[in-house]
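Read through the structure below, which is laid out as structure tokens, and then see the notes.
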Amino acid sequence: MKLQLLISKLNTSIEDQSDAVVQNIPKIVREIESLQNEATILQTKMTTVQTEIDRVNRETGTSMETLVKLDKLKGRILMTSTALKEADNWTTLSAEIEDALDSGEIEVISEKLCGIQASLKILSHVPDYDDRVCHVESLKNRLEALASPQVVAAFNSSDEVKAKFFVQIFNGMERGSQLLKYFRKCLKARLIKDWERIVEDNQHLGALEWCETFFSQLEQTLGSQFQWFKNVFPSENPSENMIQTLVEVYSGLDPKMDFCLESSLKQHSDDTLGYLIQVKQAISRHCRFLEELLGQGENDASSRELGQLLFQPFKLHTAKYGQYEATRLQLELESNTQTSKDIIDELRNVTGSVNKLMEAFTEASRRCCDLTEGCAYPALVGTLEDGLSSYLSRFTSLMRRLDKRKTSSHSWAIFQNSLTLNQAVGDLLLHLEQLDITLSIDFLERTKVFLGSSHDSHPSAFEQFHLFLLDSGAMLKLDTFYEKVKQGSNYPILAKCLKLVSKVCAELQLTTFTIIFHPIQEELNMVSDLELWKSASAGSDSTEQDMPDFSFSPHEYITQIGQYLMTLPQHLEPYMTNENPALARAFQERVFPYCSGIGENCEQNPADFILACITQASCDTYQGVILKIPTLSTNSTKQLACDVAYLGDILEDLGHCLSDGLKNILTLLKLPAKDYWVASTGCPQKMFLVVLPFLVGAAFAYSSGAPNCDVDMPGHKDENGAQIEFQPETDEGGKNIIPIVYTKTQTGDKDWTVIINAPTAKAQLKGLRITTQAQGTYTIHDTDNYQLGTGSVIAECVTHSNGDVKQGAQMFTFTSEDGEPTFDVIMVANKNTFWKVQV
């Protein structure tokens, strides 16, 4: 219903609007017709006007041309009239100026001169224009000469009224720049005179006092002149003119500042650096005042030139900074050094000197920054290295003294002293690492103003110290050093110092190890030469060959070692803590002998670290000593096994264990001879071959026999125990009755295979011994394959499987580094016969 009502209203509205439009159409048509009529009338009038204009142009064209010509003529007449008047005025003014110059009336002269200059501009077309210009310049010169005494007087007395008067005069004759030169010249003369008076009146003083007094007066003068200049020369830049004046002043000082500084340094030769720093700080304060007064920005080039003049005297001394600092640092170290002939006192002095050394290094860095603003830091690094090297000589000297006393009765005291010295070295390492961080920060902060790229885009022109103090080569070195420190590499400043300390640390820890290990070494040195190993009874009370293991007890040498090792922890007790960072830092260098196989966790506990190294050294040294024993009897083999087992028990009580090498030796030593070849197959080949000569030599006369063969007599001895002399079995012609056949074939660039054949039944091969001086690797094919040792010494090996009879061939391979090898081969067939063949 509502929708129908809305549609009805919409239809009604549309009908009403349509009716209104239809009713207005006649009216619109009438208005359009009226507008067309008016447009037609307007067009007719415009045509009429255009016709009139054309007619007037035709009738008046000639008259207009005449008027234009007359106007141009009038202009030329006026110009001629003006030129005549100015020519007459020129003559008049010239005469009046001459009169005024005679009377010295500057203001009148200036006024007339301005009039002449105006006339000259108008008379630029006259033939004698150049002569008139020269005449005007001559008049200006005469006026300037007349006014110059009064100008100088006004500037010297700071008469602002007079000065402004002359500014108007000089600007009027277009010589304002010349007046500025007068101002700078007067100010320069005044300041240079002040310097000469200061030096002359205070000859008993030095460059520092002269500079401070001169800077004080100069700053007062500049402060007043700066505002006075702005009042007198409102259109000029006061900063630029003051800087130019100062450049001229510092270029013209007599005597020059560098000469005064050199003379004063001769009177302060005992503290050259200190005096230089004081003078440099005075100049730096002066530069800061100038920067605050004059500002920066558009005058940076002139400011840098002024800065170069001010810091020029320090350029030579910056290059010699390393020498100065080395002398100063050496004096400080010597003054803080107390030496003593007593080891305890000297150790106390060395330990307490670490902090003093760090203070000396820190002061050296401060002096470098104060004098060179960090520009001489590369030289400082070298100086610190030299100073540290000299300082470390105390450590090495004390270390040698401790090493010489390791055999004394006070060995435990020496042991404690050596650890204390190690602690001092660790403390030095910690301090140097921290100092490197501090120096790096100080250097970067001090030099980033003129070397860094992230500082203000408009750095102070007075802070470009690398330009003021360094030559091109030194600047390049400084840039390289800055980038290295900025990159934050490991200890960029004191890296070489740390290496020096690390080297001393390695020497000291070697000495410490020697001191600690000395009692053990003394016991082990005699082990290989003991008659015990040759004795039939060895450590037992019987000469029987097969004594039970319980009849053997540890020998005295190993019990002495065991007692020492058991005593060691109580002397290490003061260091059994994790709160000894200095000593722990020293051991973190990983230069203590026998520390390679020890975990890094032990470094945090110095006592555990030392004990682990000593036990490892004991095992390795003992193993080496065992390998030097020339021969073992059956009982001495058991005695040696008992000694090794005892050491294992001691180490176990200390929380450690035997080395793998000693474990293998112990395993092999405990094997019965008859089971050795089979039971030892699980042991490393190297250890197998090391222990093998003991068994062979002890039981079977290794030097001329073979392992235990069924047909051999034990040891190749007769019934009375005498060694049997073996002779080869020969025929009537002296030749071996058993033919030996061998072949040697190259199977690779460095590989050969050698096959030994005994073709007859009588030549059954039961053993093979190889002797050679060729260097290479040998592999003999028997029950198992294994390798002989390599080297230029004679290498020997006996191969045999107990009870086996080798029919036919015995083969081995050889890899040589020396070319084709040469061998001596011995094969044993029975107890009476052996054959020797050159292969």
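Filtering E522, E445, E483 for residues that are of a type outside the set (G, A, S), within 24 Å of C613 (Cβ to Cβ) and assigned to a helix (DSSP H, G or I) leaves a single hit, E522. Before we move on, is S216 hydroxyl-bearing (S, T, Y) and surrounded by 18 or more Cβ atoms within 10 Å (Cβ to Cβ)? So S216 does not fit the description; no.
Among the residues that make up region 353-360, is at least one of them under 20 Å from the mean Cα position of the chain (by Cα) and either at pLDDT below 95 or not in a loop (DSSP other than H, G, I, E, B) (or both)? Scanning region 353-360 turns up at least one residue that is under 20 Å from the mean Cα position of the chain (by Cα) and either at pLDDT below 95 or not in a loop (DSSP other than H, G, I, E, B) (or both). For the residues S263, S302, S284, the requirement of being of a type in the set (G, A, S), in a helix (DSSP H, G or I) and free of Cβ contacts under 8 Å to residues at least 40 places away in the same chain singles out S284. Note on region 280-298: residues that are under 11 Å from L246 (Cβ atoms) and either aromatic (F, W, Y) or modelled with pLDDT under 85 (or both) total 1.
I'd like the residue in region 568-583 that is surrounded by 12 or more Cβ atoms within 10 Å (Cβ to Cβ) and among the polar types (S, T, N, Q) and, out of all such residues, is modelled with the highest pLDDT. Looking at the filtered set, the residue picked out is N580.
The residues in region 240-278 that are surrounded by fewer than 19 Cβ atoms within 10 Å (Cβ to Cβ), closer than 16 Å to E200 by Cα and within 39 Å of the chain's Cα centre (by Cα) can be counted, and the count is 2. Scan region 444-458 and tell me whether some residue there is β-branched (V, I, T), more than 22 Å from the chain's Cα centre (by Cα) and either over 17 Å from P378 (Cβ atoms) or at pLDDT below 85 (or both). No: region 444-458 contains no residue that is β-branched (V, I, T), more than 22 Å from the chain's Cα centre (by Cα) and either over 17 Å from P378 (Cβ atoms) or at pLDDT below 85 (or both).
The rows are residues; the columns are (1) surrounded by fewer than 20 Cβ atoms within 10 Å (Cβ to Cβ); (2) part of a helix (DSSP H, G or I).
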| site | (1), (2) |
| --- | --- |
| Q308 | yes, yes |
| P313 | no, yes |
| T318 | no, yes |
| T339 | yes, no |
| D345 | yes, yes |
| S389 | yes, yes |
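All of (1) touching a residue at least 24 places away in the same chain (Cβ under 8 Å); (2) outside the structural domain of M242 (by TED's automatic domain parsing) hold for E291 with one exception: (2).
The values are calculated or read from the model by the stated rules, or taken from the named source; none is laboratory data. Model, not experiment: these values are computed from the prediction. Glycine gets a Cβ as well: all are built from the backbone with ideal geometry, and neighbour counts include every protein chain shown.
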